[in-house]
Amino acid sequence: MDFKKLSIYFHWPFCLSKCPYCDFNSHVRKEINHRRWLLGYLKNIEHWKKKLPRSKIQSIYFGGGTPSLMNPKTISIILEKLYKNFSLNDDIEISLEANPSTVEKRKFKDFSSIGINRISIGVQSFNDNDLKRLGRKHSSNDAIKAIDIAKSTFCNVNFDLIYGRQFQKLNEWEKELEYALSLESQHLSLYQLTIEKGTTFRNLYNAGKLKGLPCPELSRRFFITTNKLCKKRNFNSYEISNFAKNKFECIHNLNYWKCGNFIGIGPGAHGRFEYKMSRFSYKNIKNPENWLEKSLTSKDPIQNLKKISKLEQFEELIMMGLRTSEGINLNNIEKNTEISLNMEKLDYLKKSKFIGLKDKKLHLLTKGKLVLNKIVNELLT
């Protein structure tokens, strides 16, 4: 039987507190009925089994929010349901996000025993003053302990750091990143601070109260230094913000960037999938309580289910594919969408050393990565 590869994302929308830079669908609640949430997730698994029966799961990802707040038994039952209803890759990747303040040795062992084989820790900084500015509840010591526990429990450990923080100097980031690399995890996600709509930081920025952000030139130097240091320590920059040792690239996220099939389960989660020779997109209801109520009453919690046009597929393939070091195969894109890029624009970008282009395989050079969004806009207009 010919199975289509599929990734599944579960969104746990709850956190202990809301960070001022975060635009994810996360919420703080005094009480959470874990049993009802488990039933909601199980109902949605049943829905997708009927919709996509000939699928083989290559990755499962528990994100949030803070999914490490979930009871390991809850995750165990979810995984058992998936095992019974879908075919799975032999080397399936099962990831869980965790915050250092929620890391417990016993709980991590429980997560490992039920099948979690990749952990991603939201460290964000090893500087205690910056952690306070970022609204984080943990200290740098908490982060170090969490990484140590993770490394002793899992063979595939990632942690996140944010750079370009308020008042951060380049030499300070160099020392911090060198220290992070010395911790010998398998993967690092390194994001430059962005001021997103709907966040506390955006409100402060609009009011002129968010001080100490880097100028464009310093931001450029942050990015170049980050890539240089990671390359020196054999961390491959396989995506513009993600670095991994050989064979530890995140399967789940690569599937997103390559525009594969994935379903999202949980409040606000998105999905893309092929069905009867067409490609569709959707998103879930964003409000946690409304999503759960719809799920438990057998009403569809999905919104905006629509067929994706060839043009939209073309745009997604360009936008997502250019984020990766592998880049995009123009022949494949033209075959799948019947749309071609403007060769004059490609020639100009190649001569200007923004892109590499050979045998219709296109990828960004360092100069192009620094202006990724501008390159994408140029190619799509």
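Derivation of every value follows stated rules applied to the coordinates shown; laboratory data play no part. These figures come from a predicted structure and were not determined experimentally. Note that each Cβ is placed from the backbone with ideal geometry, even for glycine, and that neighbours are counted across all protein chains shown.
Quick look at the values:
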| quantity | calculated |
| --- | --- |
| Dipole in debye (nearest 20) - the range 4-256, about Cα centre, beta carbon charges: Lys, Arg +1; Asp, Glu -1 | 680 debye |
| Distance violations [Cα-Cα > 25 Å] among Lys18/Lys175; Lys84/Lys151; Lys258/Lys374; Lys5/Lys307 | Lys18/Lys175; Lys84/Lys151 |
| Which of Ile355, Leu39, Asn99, positive extreme of dipole for the chain (C-beta unit charges) | Leu39 |
| Sites matching trypsin sites (Lys or Arg not before Pro) across the range 101-178 that sit in DSSP coil, with at most 13 neighbouring C-beta atoms within 10 Å | Lys169 |
| Value of D in µm² per second that Stokes-Einstein yields for the chain, Kirkwood Rh from Cα pairs, at 20 °C (1.002 mPa s) | 97 µm²/s |
| Residues Phe201, Phe24, sorted so that the one with the fewest Cβ neighbours within 10 Å comes first | Phe24, Phe201 |
| Shape call, the range 193-271: gyration tensor on alpha carbons, a/c limit 1.5 | oblate |
| Cβ charges +1 (Lys, Arg) and -1 (Asp, Glu), total dipole of the range 1-62, debye | 260 debye |
| Cα-based shape type of the range 130-218, given that a ≥ b ≥ c are square roots of the gyration tensor eigenvalues and the cut on a/c is 1.5 | prolate |
| Alpha-carbon centroids, the range 209-225 and the range 312-375: separation in whole Å | 26 Å |
| Helical contribution to [θ] at 222 nm, DSSP H n ≥ 4, -39,500 (n - 2.57), averaged over the chain, rounded to 500 | -12000 deg cm²/dmol |
| Cysteines in the chain lacking a second Cys C-beta under 4.7 Å | Cys15, Cys155, Cys215, Cys230, Cys250, Cys259 |
| Isotropically averaged projected area of the range 311-380, using the convex hull of Cα atoms (one quarter of hull area), nm² | 4.0 nm² |
| Global form of the range 1-53, assessed from the alpha-carbon gyration tensor, a/c cut-off 1.5 | oblate |
| Selection of GluC sites (Glu not before Pro), the range 131-199, meeting DSSP coil and at most 14 other Cβ within 10 Å | Glu184, Glu196 |
| The range 163-195 versus the range 232-251: alpha-carbon centroid distance in Å | 15 Å |
| Bins of 10 Å from zero: percent of alpha-carbon pairs in the range 264-342 | 17, 36, 27, 16, 4 |
